[in-house]
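> Pasting in a structure now, in structure tokens, and then I'll have a few things to ask.
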Amino acid sequence: MKRVFITGASSGIGAALAQYYAEQGATLGLVARRQAVLEQLLAGLPHPERHRLYALDVNDHAALTAAAEDFIAAGDGVDVVIASAGISQGTLTEYAEDQQVFEQVFATNVLATVATFTPFIATMKRQARAGQTDLRLVGVGSVAGIRGLPGAGAYSGSKAAVIGYCESLRVELRASGIKVVTIVPGYIDTPMTQVNHYKMPFLMPARQFAAKTGAAVARGSSYRVIPWQMGVVAKLLRLLPNWLYDMVFSKAPRKARKTIN
């Protein structure tokens, strides 16, 4: 029986992944800020008695570490850790008040990913030395992290950082028996994207995304863009010279700015 720890589990991608892994028979550790929403999610999962809920803010690293230690002790180890907690807000560097937004987006999307993985690595290394071969740390980037999007400096920058961080960690842990999987979503139908008032190409239902992510994690894929069509787009974006990219994307639609409280 798989033991899977998921942050950002109360909605969107995290909730879809919780549903997917519960249906696969896994035992889950589910992290989110809202206790009531976690309990509502739990009630809809198969075998709710198997799973553990941790109502906390991923930016509280001490609480996150305590949750990880509790989950490890309860299940005598862990198999898959998915850092899917994330936030997105439109930002403009010219406004001083957006500095706080930048800080909170980077804290939640990047530093909390590091804080999610850290307390599990020593245990997973011991499991690997004991012969376990299916150990996974899963980071969630975004196609928005492939190239910077206008009005999205915080989100694009943070997701680019997640992608780069996970690659560094993958190389660091190569000989350890732990595989680091970077999942790069395109547009997935979640509350985060439902507020976008512009066309979103290749929009994918969250449930379908979760199934494809689960398959990529099981294979130990190092890097996977989902859906695959956005993977093609991402490769093309990398090839565009700066002058052409700037001309095409300078007028791209932007996510609305909003102060994070």
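> Exposure proxy check: D246, D57 ranked by fewest other beta carbons within 10 Å?
So the residues, fewest neighbours to most, are D246, D57.
> Moving to a separate point now. Rounded to the nearest 0.05, what FRET efficiency do A73 and K199 have when you use their Cβ-Cβ distance and R0 = 51 Å?
0.60
> Treating cross-link reach as a plain straight distance, find the aspartates and glutamates whose alpha-carbon is under 19 Å from the alpha-carbon of K2, omitting any fewer than eight places away in the same chain.
E23, E49, E69, D70, D76, D79, D134
> May I pose another question? Work out the FRET efficiency for V232 and E39 from their Cβ-Cβ distance, taking R0 = 41 Å, and round it to the nearest 0.05.
Efficiency at R0 = 41 Å is approximately 0.50.
> Still on this structure, I have one more. For the pair L239 and D134, what calculated FRET efficiency results from E = 1/(1 + (r/R0)^6), where r is the Cβ-Cβ distance and R0 = 41 Å, to the nearest 0.05?
0.70
> Over the chain, calculate the relative contact order: mean separation of alpha carbon pairs under 8 Å at least 6 apart, over the residue count, as a percent.
Answer for the chain is 19 percent.
> Return the whole-Å distance between the Cα centroid of the range 134-165 and the Cα centroid of the range 65-117.
12 Å
> Once you place label points 7 Å from the Cα toward the Cβ at A218 and V248, how far apart are they in nm?
According to this spin-label approximation, the distance is 3.5 nm.
> At q = 0.14, 0.16 Å⁻¹, what log₁₀ I(q)/I(0) does a Debye calculation on the Cα points of the chain give, no solvent, two decimals?
Log-scaled intensity ratios, in q order: -0.94, -1.23.
> Enumerate the lysines that K251 could reach by cross-link, defined here as Cα to Cα under 18 Å, with residues fewer than 8 away along the same chain left out.
K199
We did not get these values from a lab; they are worked out from the coordinates using the rules stated. Just so it is clear, the structure is predicted and the values come from calculations on it, not from any experiment. Reconstructed Cβ throughout: ideal geometry from the backbone, glycine too, with neighbour counts over all protein chains shown.
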